[in-house]
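Structure record follows, encoded as structure tokens.
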Amino acid sequence: MNSVGEACTELKREYDQCFNRWFAEKFLKGDSAGDPCGKLFKRYQLCVQKAIKEKDIPIEGLEFMGPSKGKTENSS
């Protein structure tokens, strides 16, 4: 699947490959130490955020980029 931004698609593929390799070769065998794909994920995340802004995609109320600071599950 392609990314929301064409410029981000290759970064997405790189991250997906890294994550799938780590998940299959390490995590499923009990080794959950380290974060070998964290830098790739951050680069991809920044690219997606930029693409969303450039395409003027409304994202109000969505928390897919991480939880809001100070917000609790029970807050109204």
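The values are calculated or read from the model by the stated rules, or taken from the named source; none is laboratory data. Just so we're clear, the structure is a prediction, and the values are computed from it rather than from any experiment. Positions of Cβ are generated from backbone atoms using ideal geometry, with glycine treated the same way; all protein chains shown enter the neighbour counts. Calculation scope for accessible area: heavy atoms of the full protein, side chains included, ligands and nucleic acids excluded. Shrake-Rupley method; radii C 1.70, N 1.55, O 1.52, S 1.80 Å.
Out of the residues in region 1-23 that are outside any helix (DSSP H, G or I) and in contact (Cβ under 8 Å) with a residue 12 or more places away in the chain, which is surrounded by the most Cβ atoms within 10 Å (Cβ to Cβ)?
My answer is Gly5.
From the residues in region 24-40 that are under 30 Å from Lys55 (Cβ atoms) and part of a helix (DSSP H, G or I), which one is most open to solvent (accessible area, probe 1.4 Å)?
Lys39
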